[in-house]
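Note sheet for the following structure.
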Amino acid sequence: MPLARHLPGPALLVATAALLAGCAQPGQLGHESDAVPSASAAPAPTTEPALPGVPDVPVTQAGSDARGRLDRPVDISTPGPAELLVRTEVLQPGQASGWVRHPGTVITVVRSGTVTVQRADSCEPRPFGPGEAFFLEDGRPNELRNDGPDPVVLTRSELLAPGAPEREPAEPAC
């Protein structure tokens, strides 16, 4: 008599899994693969958890995430439709943005190096390092500087009115 007739439902599943696991090759069923992926291989798409009524969306992560912690609460609103600009910027040692005004709200994450931020409302220079983020209010003049020996890499996210410039020159405030 076949084994399947003598095993109850859950036991049959366990027995089948045990038999299949013995046949698994490296890289299957949780076994580690001895193969080393090539450096040029693209990351495998993953699927974000589904929300009720929303289909799963394949997402490929390329390792370019920028995450930083803000030191205070931030309120953001727009009076109408807005465009989102996300850009990576590099400030070389000794380089500064000059005094500018952003016609939208800006959140910037420091990816590497240390940037000095000076805002017109306080005039006290404040350094931000890797993993930190800062918020620049709509229309308030500011200047970013790299006073250190290494390049500063920033990822800036900005909400703008459609067609508005990213920044405008401003008179030095401090």
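What the table below lists for this structure:
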{"read-out": "Distance in nm between pseudo-label sites at Ala173 and Arg140 (7 Å out along the Cβ direction from Cα)", "value": "0.6"}
{"read-out": "Full-stretch length increase - Ser64, Thr78 - with 0.36 nm per residue and alpha-carbon distance subtracted", "value": "2.3 nm"}
{"read-out": "Anisotropy class of segment 104-174 from Cα gyration tensor, a/c 1.5 cut", "value": "oblate"}
{"read-out": "With all protein chains modelled, accessible area of Ile107 [1.4 Å, Å²]", "value": "50"}
{"read-out": "Solvent exposure, largest accessible area first (probe 1.4 Å, DNA, RNA and ligands not counted), of Arg126, Arg69", "value": "Arg69, Arg126"}
{"read-out": "FRET E, pair Ala164, Gln92, Förster distance 30 Å, beta-carbon r, rounded to 0.05", "value": "0.65"}
{"read-out": "Surface accessible to a 1.4 Å probe, Asp65 within the full protein complex, Å²", "value": "120"}
{"read-out": "Within-13-Å neighbourhood charge of Pro103 [Cβ basis; K, R +1; D, E -1]", "value": "-3"}
{"read-out": "For Ser112, solvent-accessible area (1.4 Å; no DNA, RNA or ligand), Å²", "value": "40"}
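The values are calculated or read from the model by the stated rules, or taken from the named source; none is laboratory data. These numbers were taken from a predicted model, which means no experiment stands behind them. Cβ atoms come from the backbone with ideal geometry, glycine included; neighbour counts cover every protein chain shown. Side chains included, ligands, DNA and RNA excluded: accessible areas come from the protein's heavy atoms. Shrake-Rupley method; radii C 1.70, N 1.55, O 1.52, S 1.80 Å.
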